[in-house]
DNA sequence: ATTCGCATGTAACTAGTTACATGATTTA
DNA sequence: TAAATCATGTAACTAGTTACATGCGAAT
């Protein structure tokens, strides 16, 4: 049982999903590839933490919908109360920021402008996502105990992070050229 | 050449270091283990991106100090101007937050309180680190072009992130118990 | 015409972790 | 006296990525 296993179980608590859907939903945590997800789902099914159901489709490939079992739910709940492993962020951009003295000013500025553009896009998508969660919850913020609560707080965390990144980039740009308004 | 290679080159631009020191300094980016770092340093030396110097010590084990070469510097500079790979954050805590509905309220609250405690410690260390960088720069904020600039902005990014995490945890706690002041 | 979305899988590889191995000095 | 710091390395393993493989329907 690695953290990806728990992530999959966690998403299946909310609703039964196909591997394909899970791969897309994994974006909130980190982007696991389908080549890692599919074999893991099989393994979790072998361990009876999941069951699967084949769904025939027309015009689209058939799919396998996974459901969490009671023992899957138990294992997840158990793991929940243990103190989590330290987070790891692997971000090449920080290496570039660290070694910034090596580049020319225009290159440095471009790096930060591109970063802002990227996070502007992701944060807009994030706001739309949060709005859709609120909509799904009948137009109000989900409360603890409701299935949507976890999703709601996690996407909010991500949004904050994305907005913070933009703010930091703007701060660095202001240091890069003290005379201009970026 | 993977991102860890560039991270090592980047840190060696600032000053020559031993593998042991580099392993500790890697904390700003992510915590790479020495078992990954030592063999990589050898490989980078084979490729002539680094040179090493043996330093005999008394009372302590001897060490190998690595220096970046001109071609190492060139390769790093070249990589700098390319657009960076997307950041990846693997954080088990987010999985727990997502599946929060599965736990009882006291467990949920403990999870967030522990998280706050952890980031309170790291953010205090971070502030000390930033203060020491400013001190090293003669008591003022380093400017673009100075070697310390990159370190300064990166540690500031980390500090913001840590403070944001605490703020988010407090927000979640306020949702968990709307009647108490956390 | 080509690319995108749907959908699932395996094979080969690279990256990262844990454990093994050693050993003196310093601090709690 | 137990643990932490300094210091470097290898072996065995797990986790994650890239590439291979297939194929229809819809949109551009």
Discussion item. Between helix B:148-176 and chain B, what is the angle of the helix's C-alpha long axis to the longest principal axis, kept within 0 to 90° and rounded to the nearest 10?
Written reply: 20
Worksheet item: For peptide B:100-107, how many partner chain Cβ atoms fall within 10 Å of a residue's Cβ, on average?
Response: 6
Item to complete: Mind listing the label-point distances from residue A:14 to the same position on all other copies, shortest first, one decimal in nm, points 7 Å along Cα→Cβ?
Response: 3.8
Worksheet item: In degrees between 0 and 90, to the nearest 10, how far off the longest principal axis of chain B does helix B:105-136 point, with axes built from Cα atoms?
Response: 40
Fill in: Counting all C-alpha pairs of chain B, share separated by more than 28 Å (%)
42
Practice prompt. Grab the residue from chain B whose Cβ hugs the B-to-A rotation axis most tightly, plus its distance in whole angstrom.
Written response: B:89, 2
Practice prompt. Can you tell me the alpha carbon radius of gyration of region B:3-80 divided by the globular rule-of-thumb value 2.2 N^0.38 Å?
Written response: 1.05
Worksheet item: Going by how many other Cβ atoms sit within 10 Å of their own, how do B:69, B:51 line up, fewest first?
Response: B:51, B:69
Worksheet entry | Label-point gap, in nm, between residue B:85 and residue A:64 - each point 7 angstrom along Cα→Cβ | 2.8
Discussion item. Under the convention of a label 7 Å out along Cα→Cβ, give the distances in nm from residue A:117 to the same position in every other copy, shortest first.
Written reply: 4.6
Item to complete: Apply 1/(1 + (r/R0)^6) to the Cβ-Cβ distance of residue A:21 and residue B:56, taking R0 = 51 Å, and write down the FRET efficiency to the nearest 0.05.
Response: 0.30
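Before anything else, pin down the relative contact order of chain A: Cα pairs under 8 Å, at least 6 apart, normalised by residue count, whole percent.
Answer for chain A is 18 percent.
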Discussion item. Tell me the mean residue ellipticity at 222 nm calculated for chain B from its helices only (DSSP H runs of n ≥ 4, each -39500 (n - 2.57), averaged over every residue, nearest 500).
Written reply: -20000 deg cm²/dmol
Worksheet entry | Computed label-point distance, nm, for sites residue A:107 and residue A:127 using a 7 Å Cα→Cβ extension | 3.4
Worksheet item: Taking a label point 7 Å from Cα toward Cβ, how far is residue B:171 from its twins in the other copies, in nm, shortest first?
Response: 1.7
Fill in: For region A:3-80: relative contact order, % (alpha-carbon pairs under 8 angstrom, 6 or more apart)
34
Worksheet item: What's the average, rounded to a whole number, of partner chain beta-carbon atoms within 10 Å of each residue's beta-carbon in A:3-16?
Response: 3
Discussion item. Using only the alpha-carbon atoms, how far is helix A:70-80 inclined from the longest principal axis of chain A? Give it as 0 to 90 degrees, nearest 10.
Written reply: 30
Response to the item:
Here the whole-number average of other chain Cβ atoms within 10 Å per Cβ of B:72-85 is 5
Response to the item:
When A:154, B:141 are ranked with the fewest other C-beta atoms within 10 Å first, the list becomes B:141, A:154
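In percent, how large is the relative contact order of region B:92-176, given Cα pairs closer than 8 Å and 6 or more residues apart?
Numbers: 48 pairs, mean separation 34.4, N = 85.
Result for region B:92-176 is 40 percent.
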Worksheet item: What's the center-to-center distance, using Cα atoms, between region A:22-76 and region B:150-167 in Å?
Response: 36
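Need one number: convex hull volume per residue for the protein assembly as shown, Cα atoms only, in Å³.
It is 196 Å³ per residue.
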Practice prompt. Could you give the C-alpha radius of gyration of region A:92-176 expressed as a fraction of 2.2 N^0.38 Å, taking N as the number of residues it contains?
Written response: 1.43
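Taken together, the values in this text are just the output of simple stated rules run on the coordinates, not laboratory data. Everything numeric in this text was worked out from a predicted model, so none of it was measured. Using ideal geometry, Cβ is built from the backbone for each residue, glycine included, and neighbour counts are taken over all protein chains shown.
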